[in-house]
Amino acid sequence: MVHRKLAISLAALIGLAIAPPLRGDEGEQPRMVTGGRTTPPRGYFELCKEHPKVCEVQSKATDPVSLSTEQWQEVRRINRAVNDTIQHATDQDLYGREEVWAFPETAGDTEDFALLKQRQLTERGIPSSSLLLTVAIKPNGDGHALLTISTSEGDFILDDETNEILSWGKVPYKFIKRQDPTHSARWVKIADDN
């Protein structure tokens, strides 16, 4: 009997470790509501001049991706690995100027973390139409960039400030805009009542 209870407890813990993120609370909007087109961030525009292929990704797929347990494990692994290996540094410290979006090798700021996660997850087969660079405002008023993964379970946030992947409605930011899932160079407004 004790062995059976231990086995059930162990199975439950393993299940928690590999299960996808939970849906939001009842009444919580599982997906961001997007509106009309808006301008991309200035740093993203500059990135497109240097790396045009990054901004030419087009997709007819608009349905959010349905991730397997193995894919969720890979999302968690990459989120944690990027957060743990890239050091936080400002654009001013790295480049001597503000608003530089780049793929970091050892250090970067918030949008650099999101870019690297997006590239690594795309390389592992997750559709780019479900991996959307997103801009938000933190409670202290600072701008912040994140990666939204749009799934059949809802929109989830990969943030450089935590290894936990949360439903977008549980993240304490005011969401402003994100990439359009059909074209990486286009950005759309986010209706966020927070």
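The values are calculated or read from the model by the stated rules, or taken from the named source; none is laboratory data. As the structure is a prediction and not an experimental result, all values here were calculated from the model. With ideal geometry, Cβ positions are generated from the backbone for all residues, glycine too; neighbour counts draw on all protein chains shown.
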message = Exactly one condition in (1) in contact with a helix residue (DSSP H, G or I) (Cβ under 9 Å, 6 or more places away or on another chain); (2) closer than 16 Å to Leu146 by Cα; (3) surrounded by fewer than 18 Cβ atoms within 10 Å (Cβ to Cβ) is false for Arg124; which is it?
response = (2)
query = Checking Ile176 against (1) crowded, with 23+ Cβ neighbours inside 10 Å; (2) assigned to a strand (DSSP E or B); (3) not acidic (Asp, Glu), which single condition isn't satisfied?
reply = (1)
task = Could you list, in sequence order, all residues of region 125-141 that are modelled with pLDDT under 95 and farther than 15 Å from Pro181 by Cα?
result = Gly125
key: Residue ID - modelled with the lowest pLDDT, chosen from residues in region 96-118 that are of a type in the set (D, E, K, R) and surrounded by 16 or more Cβ atoms within 10 Å (Cβ to Cβ)   = Glu99
task = Exactly one condition in (1) over 16 Å from the mean Cα position of the chain (by Cα); (2) surrounded by 14 or more Cβ atoms within 10 Å (Cβ to Cβ); (3) under 23 Å from Pro127 (Cβ atoms); (4) modelled with pLDDT under 95 is not met by Thr38; state its number.
result = (4)
ask   = If you scan region 64-95, which residues turn out to be crowded, with 16+ Cβ neighbours inside 10 Å and β-branched (Val, Ile, Thr)?
value = Val65, Val75, Ile78, Val82, Ile86
